[in-house]
Amino acid sequence: MNFDEIVQSVLKKKTEEVDASNDRCTEMFNYICNQVEEKNNKLYKRIIYNINMWINNLSLKEYVEIALFIFILIAIPFSVKHFKRIEDSNSAAAKVIPVEQSSENANSITPESYSFEDFKHLYTQYIKTAYPETSGEVTLKKEDVSDITPKEVRDEIGCQIFKIKNNFATYVAYKSKLYQLGTGGGGFGVVSIKTCDFDGNGQKDLIFTFSSGSGMHRSEIGVFNLSKGKGEVLDFMQRHRDIMLGKISDKDFKVYLTFIPIEELNDFNPSKLSKQEHVADVHCVNGIIKVTEYNKEKY
């Protein structure tokens, strides 16, 4: 007789018997636990026989309690395995994202686009704010302004960099605001531009070289933090020559002498600069930016 037949037999026979001893169920399962620990095939057979004998003497209430307990013992492991398979399947499905798509979503920057009219409007607002004593009237023409944004800056930050040709003043347009980079009076303004992340916040900023000076040409290194909207000039000055940057990492850069032909100034392209002598290194340690100079006495 199998288990199902036993259940049907007991249900039919014991429907109206509900007054049996309350301790029989506990005694039976204590006995089962002791027998199972032996893990002997003969004992398993004896356990089944004893279950059959006890069930015949159980009340309907006790039988229902036993059946419910057995159901729980069977259902819990099955449920755990079932939900584990669902969890594993979901995890696997989440990983089946093309590498290109994941990388693009994590790193893609939507470039901002500023036309000449957009720049002129931002520049007018900038002049009015920076020089409130003036009328703020701007007479710029399209041919007076160059977009000198390097591809690296465009791709990693999305901003645009404009240079005004008559005075070489250089500005970055970012999130509908305009900021000046360095100075340009008496020099060539911004010469070389790279992205950096000295503060380690994941937002790329700008490091650049620029030249200025009336009477003595001098080149310096500036850093502009786009998150704060503020810039600083590093403790370095190169006299009589222009300099450019070579990027090693977001926190390390090399500084080289370079040369800009006068005839190319109005159509200046930072990507066409050529490296000459290595004169300094810029590196950031624990948030502190330092410049190490080389062979300065030669120049």
- Of the residues in the range 147-168, how many are at pLDDT below 90, closer than 22 Å to Lys194 by Cβ and not aromatic (Phe, Trp, Tyr)? 0
- Do you know which residues across the range 91-133 are acidic (Asp, Glu), at pLDDT below 50 and surrounded by 10 or more Cβ atoms within 10 Å (Cβ to Cβ)? Glu104
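Table: residues versus (1) in contact with a Lys or Arg (Cβ under 7 Å, 6 or more places away or on another chain); (2) of a type outside the set (Ser, Thr, Tyr).
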site	(1), (2)
Glu112	no, yes
Tyr126	no, no
Glu133	no, yes
Phe168	no, yes
Gly186	no, yes
Gly189	yes, yes
Ile193	no, yes
Asn201	no, yes
- Answer yes or no as to whether Asp199 is under 16 Å from Glu293 (Cα atoms), surrounded by fewer than 20 Cβ atoms within 10 Å (Cβ to Cβ) and out of contact with any Leu (no Cβ under 8 Å at 6 or more places or on another chain). no
- Query: Among Leu226, Leu234, Leu257, Leu206, which is surrounded by 12 or more Cβ atoms within 10 Å (Cβ to Cβ) and touching a residue at least 60 places away in the same chain (Cβ under 8 Å)?
  - Reply: Leu226
- Query: List pairs: first in the range 61-82 and part of a helix (DSSP H, G or I), second at pLDDT below 70 and among the aliphatic types (A, V, I, L, M), Cβ under 6 Å, 6+ apart or cross-chain?
  - Reply: Lys61/Val18; Tyr63/Val10
- Among Glu152, Glu133, Glu143, the single one that is in the same structural domain as Lys228 (by TED's automatic domain parsing), part of a helix (DSSP H, G or I) and over 33 Å from the mean Cα position of the chain (by Cα) is Glu143
- Which of (1) farther than 14 Å from Lys204 by Cβ; (2) exposed (fewer than 15 other Cβ atoms within 10 Å of the Cβ); (3) in contact (Cβ under 8 Å) with a residue 24 or more places away in the chain is the odd one out, the single condition Lys151 does not satisfy? (1)
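The values are calculated or read from the model by the stated rules, or taken from the named source; none is laboratory data. The structure presented is a predicted model; accordingly, all values stated were derived computationally and were not measured. For neighbour counting, all protein chains shown are included, and Cβ atoms are generated from backbone atoms with ideal geometry for every residue, glycine included.
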